[in-house]
1. Go through region 269-297 and count every residue that is at pLDDT below 95 and over 19 Å from the mean Cα position of the chain (by Cα).
2. Would you pick out the residues in region 15-57 that are over 18 Å from Glu71 (Cβ atoms) and over 21 Å from the mean Cα position of the chain (by Cα)?
3. Tell me whether region 2-13 contains one or more residues that are in contact with a Lys or Arg (Cβ under 7 Å, 6 or more places away or on another chain) and either under 25 Å from Gly130 (Cα atoms) or within 16 Å of ligand 2 (Cβ to nearest atom) (or both).
4. Within region 145-175, how many residues turn out to be within 16 Å of ligand 2 (Cβ to nearest atom) and hydroxyl-bearing (Ser, Thr, Tyr)?
5. Going by the structure shown, is Val221 at pLDDT below 95, under 21 Å from the mean Cα position of the chain (by Cα) and either outside the structural domain of Leu46 (by TED's automatic domain parsing) or more than 26 Å from Lys337 (Cα to Cα) (or both)?
6. Go through (1) assigned to a strand (DSSP E or B); (2) in contact with a Gly (Cβ under 9 Å, 6 or more places away or on another chain); (3) without any contact (Cβ under 8 Å) to a residue 40 or more places away in the chain; (4) not small (Gly, Ala, Ser) and name the single condition Cys282 misses.
7. Could you identify the single residue in Leu19, Leu53, Leu36 that is at pLDDT below 95, assigned by TED's automatic domain parsing to the domain that holds Ala143 and of a type in the set (A, V, I, L, M)?
8. From the list Val266, Val256, exactly one residue is out of contact with any helix residue (DSSP H, G or I) (no Cβ under 9 Å at 6 or more places or on another chain), of a type in the set (A, V, I, L, M, F, W, C) and either without any contact (Cβ under 8 Å) to a residue 12 or more places away in the chain or within 14 Å of Cys282 (Cα to Cα) (or both). Which is it?
Amino acid sequence: MPRTATAAVVPEIGAPFELTGVTIDAPRPDEVVVRLVAAGLCHTDLSVRAGKLPSPFPVVLGHEGAGVVEEVGYRVTSVAPGDKVLLSFTSCGACGNCLAGHPAYCAGFLPLNFGGARADGSGTLNGAEGPVAGHFFGQSSFATYALADERSLVKVAPDAPLDLLAPLGCGVQTGAGTVLNVLRPGIGSTLAVFGVGAVGLAAVMAAALGGPSRIVAVDVVPERLELARELGATDVVDARGDVAAALRVLTGGAGVDYAVEASGNVGALSAAIDALALRGTCAIVGAPAFGTTVPVDVNGLLGGKRIVGVTEGDADPRRFVPLLADLVARGALPLEKLVRRYPFADIEKAVLATERGEVVKAVLTFE
Ligand SMILES: [Zn+2]
Ligand SMILES: [Zn+2]
């Protein structure tokens, strides 16, 4: 049955979130209705709202949902009503990359996660004045209920703290997955993280699990750099200086074996590429506005250097998110140092605090 929910609708590009009633479509055979308990706020939500990433409007955003399964379609087998779940990005499950275990590189990633509708183009949400775009990352979780694809759900333990784990679905998976799935830094290697917001700090925490002997955090905010140290960074560098030069000094002239660019800033990306050691790899995680280009010194790359773009930590959420949840439970991924909780009704306060850099990871909580 369709059901009503309270959703934070963005009426048009740049407009504030408006809490209003919407009707959510009944679940199709492979869909699940989730009652939200918490939802993380990610920079991608804010980039879409600002019109920097493509989306139809009005729209319900939110893609780090966490909640309890309320209803399932008849083909759903992996979760049942009452299960606690985390919501992550969705994928088609049928293309070559999905079949190869790389759903973040699904051929349908953009339309499925940013298109505002299901794969067949059908909408999932209606407001008082007509259709509202939904299905954002297969969930649109800034609402009291979300209609999610089974493929985007990760079941967690009955005692899992959902208001702490919500960010695993995107931000933490992205930062940690970039290190653990893509870069896989070896023992004694050096790694620098550019931009230590939620994604960058997740990369620092993942690097601190083992491998690198030197983990360098680069940012402009002193408190963030201090937090990065607490979470495992061995050194910090102020991003306003000559960062590539500073990294060469820290690495005895060699440069860094691995760089994670998580700021979305093109200057930082240039510095990250410049700072690479021979055979070093730069992972691009931060997304600037569509159409952004960066000049690269081609000869500078000939020493076996690689630049790789990474989406969602190249993770399969149903395999990777439970591993992260286990690390959190064991105290190895101290997420509580990043998270600040806000009641859903205070979503604009959470956005303001995030934009001002006062909070690393805002998590909205639902009653
Ligand atoms: Zn696919
Ligand atoms: Zn995100």
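The values are calculated or read from the model by the stated rules, or taken from the named source; none is laboratory data. Just so it is clear, the structure is predicted and the values come from calculations on it, not from any experiment. So basically every Cβ, Gly included, is an ideal-geometry build from the backbone, and we count neighbours across all protein chains shown.
1. Within region 269-297, the subset at pLDDT below 95 is 286-297.
Of the ones still in play, those that are also over 19 Å from the mean Cα position of the chain (by Cα) are 291-297.
Number satisfying all stated conditions: 7.
2. Ala15, Pro16, Glu18, Leu19, Thr20, Gly21, Phe57
3. Step one: list which residues in region 2-13 are in contact with a Lys or Arg (Cβ under 7 Å, 6 or more places away or on another chain), which gives 10.
Restricting the remaining residues to those that are either under 25 Å from Gly130 (Cα atoms) or within 16 Å of ligand 2 (Cβ to nearest atom) (or both) gives 10.
Yes, some residue in region 2-13 is in contact with a Lys or Arg (Cβ under 7 Å, 6 or more places away or on another chain) and either under 25 Å from Gly130 (Cα atoms) or within 16 Å of ligand 2 (Cβ to nearest atom) (or both).
4. Step one: list which residues in region 145-175 are within 16 Å of ligand 2 (Cβ to nearest atom), which gives 146, 148, 152, 154, 165-175.
Among the residues that remain, those that are also hydroxyl-bearing (Ser, Thr, Tyr) are: 152, 174.
Residues that pass the stated criteria total 2.
5. Working: at pLDDT below 95: yes; under 21 Å from the mean Cα position of the chain (by Cα): yes; either outside the structural domain of Leu46 (by TED's automatic domain parsing) or more than 26 Å from Lys337 (Cα to Cα) (or both): yes.
Considered against the rule, which asks whether it is at pLDDT below 95, under 21 Å from the mean Cα position of the chain (by Cα) and either outside the structural domain of Leu46 (by TED's automatic domain parsing) or more than 26 Å from Lys337 (Cα to Cα) (or both), Val221 comes out as yes.
6. So the condition that Cys282 fails would be (2).
7. Values: Leu19 fails: at pLDDT below 95; Leu36 fails: at pLDDT below 95.
Going through Leu19, Leu53, Leu36 in turn, the sole match is Leu53.
8. Values: Val256 fails: out of contact with any helix residue (DSSP H, G or I) (no Cβ under 9 Å at 6 or more places or on another chain).
Answer to the check: Val266.
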